[in-house]
Amino acid sequence: MRILIVDDEQSIVRPLKIAFENRAFAVDTALDGQSGFELANISNYDCIVLDLNLPKYDGIEVAKKLRANGVTSPILMLTARDLKRNVWEGFESGADDYLTKPFDLKELMLRVDALIRRNSKTLDTVVEIGKLKINFSKQVVTVGSEVIILNNKEYGILEYLTKNRGRVISSEELLEHVWDSEIDSFTQTVRTNIKTLRQKVDNDKKLIINYRGKGYAIN
Amino acid sequence: MPSTKSNTLPFYKSVRFKLTLFYSVLVYLFTVFFVLAINLSINNYFESLPDRPANLPPRFQNIQIEPDQQHLFREIRLADLKEVQRRSLIALVPLALISFGTGYVMSGVFLRPVKKLQSHFDTLDEKELGFQVDVTTDDEFGQLTTSFNELSKRLKNSFDLQTRFIQDASHEIKTPLTIIKTNLEVIADDKKIAKDTQLTSIMADVVGSVDRLKDLTNQLLDLSRDKKIKSETVLCSEYLKEVIENVIKNSNLEKTNVKYEIGKDLSFSVDQNLLSVAIGNIILNASKYGRTKSGDLKLKVVAKEVEGEEIQLEFSDAGPGIQKDAISNLFDRFYTVDSSRSRTVSGYGLGLAICKQIVEAHKGEISAENVKTCGAKFVIRLPIRHNKEN
C-alpha cells in the first residue's frame, strides 16, 4: 500500500515515513499544501495523511481541491487546532478521519489501516487462499504451517493483489501502489519481485496468474 | 444566590409611566384650568348682565313681563349656565382617560428604541458577539444605539483576539510536543530497542511524560478559553447518571459505589459538554482525595430544586474530608493540597479551577464543605433560567 504524508514539519514527517515503511508501506511526503495537492492528483494513494496547517494551501483547501478533482483516496487529517469548528470544517471539506496532535503513533497507524481496509475489496484482517494465509494486522504470511519471510515489496504486491482480488492489476498499478515516487517507471522491478514472490508462496504458479499484456491477479 | 431575574419592570417604576403621567397631568391640568377660566369668565359676564337681556330674539321683544318677575330671566340664564358648567366638568372625566391614553401611546412610540436596545442587550449572551442594532432615530437614543454598536464590536474583537491567541499558543506548544512524541515512539518501535527491556521502560517513561505535558497544555488552554455556553434542557437523573458512569469507565476508577437522590422529573438547562467536564473533575477529585481508609470511593449524588429559583447538585464522598485551611483556596488555579507537588497523587491543581469557571459561566456557584459525619461535599448551585423564545 502507498500513502502520502503532508506536513510542514520535517521532524514529524521523517519518523512517520520510517514507521510506515517498517510496516511495508510505500511512503511519499510533501512539506506544503501545493506539492501535496500535486502529488495526490498524479498518483492514486491508498491513504493521505494531511496536516491542516500548511504553507501555500492549507489542509482544508487541499482536501477540497482534491475532492473537486475526483480524487477518492481516504484522507486522515492531523492538526493541533481542535476547535469543534475546525473539526467540522475538516470533515466538510472531504476528510474521512481526524486526529489531534500530539497523537499516539499506534493510533494513527491503526486508523490508516482502517481507512484502507474500508476501501479495499476485503474487510478481513486475515485472508486464507488455499494453503496461503495472510494476517494483515500482524503482517505475517504462512503457507500451511510454515511462516514465509517476504521483503517489503513482495509483501506489498501480495497485499495489494489480495485486497483487490477479482481484478487484473497491471504492472503500472502495482508500481503506483507498492513503490514510492522515487522509483523509475521503466524498471523491471515488478517482474523481478513477482518472480521472487512466486518462488516463495506460489511455486506451481496457480495462485498468482499472469494475464499476458494485462497484468496480474490472484486466482 | 441566583442572579438576573427576567427583566420585568413594574409599570409604576417605568420611565414610560413617568412620561405618560407627566404628559397627561400637564394636558389635564391645562385643560382643567382652561375650562375653569372660561367658566369663571362666562359666570362673571352673566352676573354683570342686566336682568332683562338686551339681545332678546325679535319675537320675544314685545313680551311684557312684570318688573318683579324680571329676575326670572336671570335665574333661567344662570340655571342654563350651571348646566353648561356641569356638563363641561363631567367631560373632564373622559378627558382624563383620553389624555392618559394618548400619553401612554405616545410615550410608547417615543421609548421604542430603548426597548429595542434592551432586548438586544439581553440576547447578547446567546447571539453572536458583535451584533449590530439598526440606528432608527436621530436623537439621544440614536446616539445610545451607536455607542452600543461600538461596544459590541469591541467586545467581539477582544474575544476573537483571545481565541486566536489561545489557538496560536496551542499550536506552538503542541507541535514540538508532537515531534518529541512521534520520534520517541518510532525509536521505541525499533526492534533493537524493543528487545532491551531497560531501554523500553525508559522510552515508556519519556513518552508518558510527553502525554502528561499534553494533558496539562489542554487543561491550561481550556482554562484560558472564554466559556461561552450553549444550553440544552436535559433530565437531571439521566444526565447525571450518564456523565458519572462515563467518568468512572473512562478513567478506570476502581471500587466505586454511587448513590443517587434525584427528583424524577427534575430537569435543567445547561451546556451538556462543559458541565460534564466540571462534574467529571469533581468525581476525579473525589477519587484522588475522597476515598475511605480501605480505598473505597463511596459517592452520594443529590439533585434538588430550591425555592423554584435554583437547582442544587451535591456530590459527597465518605473520605477524610477537606483540610480546614484548604477550603478557601480549593478552587484556585494550581492549588493542590499536597503542596510539595510530589507525584504521589497526580494532578496540577487545575481541575477544580476549571469547575469553578464552568459553573460561573452558567451564572451559578460552586462551593465545598466538610460533612459532619465524614467526608467532603461539593455543591453546585445553578439558577433556573427561563429560556426566551428564539
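The values are calculated or read from the model by the stated rules, or taken from the named source; none is laboratory data. None of these values were measured; they are calculated from a predicted model. Because the Cβ atoms are built from the backbone with ideal geometry, glycine has one as well, and the counts that use them run over all protein chains shown.
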For this session: Could you list all residues from region A:1-27 that are farther than 18 Å from B:ASN183 by Cα and either among the aliphatic types (A, V, I, L, M) or at pLDDT 95 or above (or both)?
Result: A:MET1, A:ILE3, A:LEU4, A:ALA24, A:ALA26
For this session: Just give me the residues in region B:184-200 being within 14 Å of chain A (Cβ to nearest Cβ) and either touching a residue at least 40 places away in the same chain (Cβ under 8 Å) or of a type in the set (Asp, Glu) (or both), in sequence order.
Result: B:GLU185, B:ASP189, B:ASP190
Exercise. For region A:51-63, how many residues meet the condition of being assigned to a helix (DSSP H, G or I) and not hydrophobic (A, V, I, L, M, F, W, C)?
Worked result: 2
Exercise. Restricting the first residue to region A:45-60 and requiring it to be of a type in the set (D, E, K, R), which pairs with a second residue that is modelled with pLDDT of 90 or more and part of a strand (DSSP E or B) meet a Cβ separation below 7 Å and a spacing of at least six or different chains?
Worked result: A:ASP46/A:ARG2; A:ASP46/A:ILE3; A:ASP51/A:VAL6; A:ASP51/A:LEU78
Seminar exercise, completed: Of the residues in region A:112-152, those that are under 18 Å from A:LYS17 (Cβ atoms) and in contact with a Phe, Trp or Tyr (Cβ under 9 Å, 6 or more places away or on another chain) come to A:VAL112, A:ASP113, A:GLN139, A:ASN152
Exercise. If only one of B:LEU240, B:LEU213 is touching a residue at least 24 places away in the same chain (Cβ under 8 Å), more than 13 Å from every other protein chain (Cβ to nearest Cβ) and not hydroxyl-bearing (Ser, Thr, Tyr), which one is it?
Worked result: B:LEU240
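Here's the yes/no breakdown for (1) among the small types (Gly, Ala, Ser); (2) surrounded by fewer than 17 Cβ atoms within 10 Å (Cβ to Cβ):
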| residue | (1), (2) |
| --- | --- |
| B:ASP134 | no, yes |
| B:GLN143 | no, yes |
| B:THR146 | no, yes |
| B:ARG154 | no, yes |
| B:GLN167 | no, no |
| B:ILE193 | no, yes |
| B:ARG212 | no, yes |
| B:LEU221 | no, yes |
| B:SER224 | yes, yes |
Problem set entry | Among (1) within 12 Å of another protein chain (Cβ to nearest Cβ); (2) among the small types (Gly, Ala, Ser); (3) over 30 Å from B:ASP168 (Cα atoms) - the single one A:ALA26 does not satisfy | (1)
Exercise. Name the helices (runs of 4 or more DSSP H) wholly within region A:64-176 that hold at least 1 residues that are within 14 Å of chain B (Cβ to nearest Cβ) and surrounded by fewer than 19 Cβ atoms within 10 Å (Cβ to Cβ)?
Worked result: A:84-92, A:105-119
Exercise. Can you name the strands (runs of 3 or more DSSP E) wholly within region B:245-354 that have at least 1 residues being over 25 Å from B:ILE384 (Cα atoms) and of a type in the set (A, V, I, L, M)?
Worked result: B:256-262, B:297-306
Exercise. Looking at (1) within 30 Å of B:ASN281 (Cα to Cα); (2) away from every other protein chain (no Cβ under 14 Å); (3) outside any loop (DSSP other than H, G, I, E, B), which is the one condition that is false for B:LEU129?
Worked result: (3)
For this session: Check B:ILE279 against each of (1) in contact with an Asp or Glu (Cβ under 9 Å, 6 or more places away or on another chain); (2) at pLDDT 90 or above and name the one condition it does not meet.
Result: (1)
Exercise. How about region B:201-210: which of its residues are touching a residue at least 12 places away in the same chain (Cβ under 8 Å) and more than 11 Å from every other protein chain (Cβ to nearest Cβ)?
Worked result: B:MET203, B:ALA204, B:VAL206
